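What follows draws every value from the coordinates through simple rules; no lab data is involved. Note that the coordinates shown come from a computational prediction; the quantities given were computed from them, not determined experimentally. Glycine also receives a Cβ, built like all others from the backbone with ideal geometry; neighbour counts cover every protein chain displayed.
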Protein chains: 2
Amino acid sequence: MEASGSELAERLVALYPVLRCLSTRVLTELCQTARRVQLAPGTAVFDERQSCPGFPLILAGTIKVVKSTATGREMLLYRVEPGDSCIITSSCLLGHSRYSARGIAELPLTLLVLPPSLFEQLIAEQPLFRDFVFHLFAERIAELMQLVEEVAFHRLDQRLAKLLLARGETVRATHQALADELGSVREIVSRLLKGLAGQGLVVLGREQISIVDRDGLRQLADGGR
Amino acid sequence: MEASGSELAERLVALYPVLRCLSTRVLTELCQTARRVQLAPGTAVFDERQSCPGFPLILAGTIKVVKSTATGREMLLYRVEPGDSCIITSSCLLGHSRYSARGIAELPLTLLVLPPSLFEQLIAEQPLFRDFVFHLFAERIAELMQLVEEVAFHRLDQRLAKLLLARGETVRATHQALADELGSVREIVSRLLKGLAGQGLVVLGREQISIVDRDGLRQLADGGR
DNA sequence: CGGCCTCTGTGACCGCAGTTACAGACTCAC
DNA sequence: GTGAGTCTGTAACTGCGGTCACAGAGGCCG
C-alpha cells in the first residue's frame, strides 16, 4: 500500500511547506532517495550515545524525546510533531556529534529519513530550508531554557497545572504518563491531582482529567498560590 | 587605544579560526561594519524579552547566561567564552524571536557585534561559517538537555561536586556565586561544602575551595554515594 | 463468573533543600 | 584602631517530593 512518488511529495509539502522552495525535480529525487521508516508506538527511534542515520521528516505520529534514569524515572524534554523536525537529530548531523537523549515513537510513526549528504546539500543550497532549520533550533533552545527554569524553580503542582492546560479541555492520560512527562513519579501526581480536584479545578476519572476551572488552574500554574 | 583594523582582524582570526575562510576583503569589511562594545563586569549584555541587535563575537571576557526568579535566585544556563559565540543570540537572529534569558558580563567584556544583515550574509555564503554556527547550536542543545537531566534528577551535592571538578584544582568563588550557578542558595552550598570538607574531599578557605581528593569528588558527582 | 492486569487511592515515613535568624570572622577604608 | 561591609558558619524549623507498602476498583479475557 505504498503511496506513489507524487502522492508522497504532496503529503510532504503539505506538512513541510518550506519544501515548496524545491524544484519538482529535486523534490522527486528527495522522495526517491529518502528512506521510509515505520515504527510501532513505544519503540525507540534513536538512543543516547548513538550516532545519527539521517534527517527525519515526520509524516505521521510523534516522537517524544526523553531523558531517563537508572531507577526508571523518565522526563520529557520535548515532543516532535509532523511539521517540525527532530532538531536533536539535525544537531547531531550538523554538529557531527551523538544523540544525547532517547527518542520514542508515540503513535504509529512514519518517517522519511533524508541521508546526511542530501540534508547538507539542502542546507547549503536552499536558503528557505536553512531558515526553517534555524527556526527549529531557535525554538528548541528557548523551550529547553524555559524547561530548565521550570524544573529548577517551580513546584510540581505548578508544572502539572501547566501541563494539563496545554492539553486541552479533557486530558486522557494515566497518572504514570503525566509523571513521566514531569520527571516525577505516579504517587505524587496522584496526590497533586487529588489536591487540584479538592480545589475544584479539575474532575478526575479513569485515565482522564477534565479541567473545570481553567482560570484557576492558570493562576496556579503562574505561581499564584 | 583603538587597535588598527588589521590588528583587530588578527585577533579575531586567532579566536575564531573559522573566519580564516573569509577573503581579506570581506574580513576587513567585517571589522569596519561591526560595532565594538565594551562592558564592565556585572552589566547586562542582553535581557529577557528584548530583541537582538546583532551577532556578537567575544574578544575578551565572558558572558554568563542566566535565568533568575522574582525572589532573587539565579541559575546559570551556560557561559560564553571567547571563541564560541552566544548561541542564544544567533538563535534570536535566525529565529527572529526574542531573548529568553539574561546575559551578564563577567570579566571586562569586549564584543564585536555583527549587524544582522552581515551575519545572514555569512551564513548564506560561507559554508564553514555556517558549519561553525551549527556546531555551536548542537553543543548548546546537548548541554541544555544535560542540564535539564541534572537539575531534575541529581542531588545538589552531586551537582556541586561536578561544578567544583570543572573548575580546576582550587576554586576561587564565594558560596553565593556557586549557589547562583546551581540555582540554589548560599546556606545550602555552605552546608554541603562543609559536608565535602568533612569527608576529606576539599579544604575550605575564604573565597576558596581546594580540591584534595579529586577521585572521591568525581565518584560523588557520578552518583556514587 | 473468576482470575489477571492495569490504574488509582492512600497512609506512614524520610530526607533534601529552602527559610529564617543570628553570630562570628575577615577585609578594607578611613 | 574602629566601623562598615562582605563572607561564612550554623542551628531550628518547614515543607515538598520521593519511597514503600498496601488496598481497592475497573476492565479484559478465558
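Which of the lysines could a cross-linker span from A:K162 if the Cα-Cα distance has to be under 24 Å and same-chain partners fewer than 8 positions apart are dropped? Cα-Cα hits under 24 Å: A:K64, A:K67, A:K194, B:K67. Once the Cα atoms are used to define both axes, helix B:116-125 deviates from the longest principal axis of chain B by about 80 degrees. Summary for A:R25: label point 7 Å along Cα→Cβ; distances to the equivalent points in the other copies, ascending, 3.0 nm. For the peptide A:150-157, the mean number of other protein chain Cβ atoms found within 10 angstrom of a residue's Cβ is 5.
Take A:A124, push a point 7 Å out from Cα through the beta-carbon direction, and compare it with the same point in every other copy: 1.8 nm, smallest first.
Please label the shape of chain B as rounded, prolate or oblate, based on the square roots a ≥ b ≥ c of the eigenvalues of the alpha-carbon gyration tensor (a/c under 1.5 means rounded; beyond that, a/b larger than b/c means prolate, else oblate).
On the way: a/c = 2.18, a/b = 2.02, b/c = 1.08.
Because a/c hits 1.5 or more and a/b exceeds b/c, chain B counts as prolate.
With a 10 Å cut-off around each Cβ of B:128-136, the average count of Cβ atoms from other chains is 4. Taking the C-alpha atoms only, the angle from helix B:186-198 to the longest principal axis of chain B is near 60 degrees.
With label points set 7 Å from Cα along Cα→Cβ, the inter-copy distances at A:G205 are 6.8 nm, sorted shortest first. The GluC sites (Glu not before Pro) found in the stretch A:92-187 that occupy coil by DSSP, while having at most 14 further C-beta atoms within 10 Å, are A:E169.
Taking B:D180, B:D84, B:D213 in turn, the Gaussian network model of chain B (Cα-Cα springs below 10 Å) assigns the largest fluctuation to B:D213. When the square roots of the Cα gyration tensor eigenvalues are ordered a ≥ b ≥ c, the ratio a/c for the protein assembly as shown is 1.5 or more and a/b does not exceed b/c, which makes its shape oblate.
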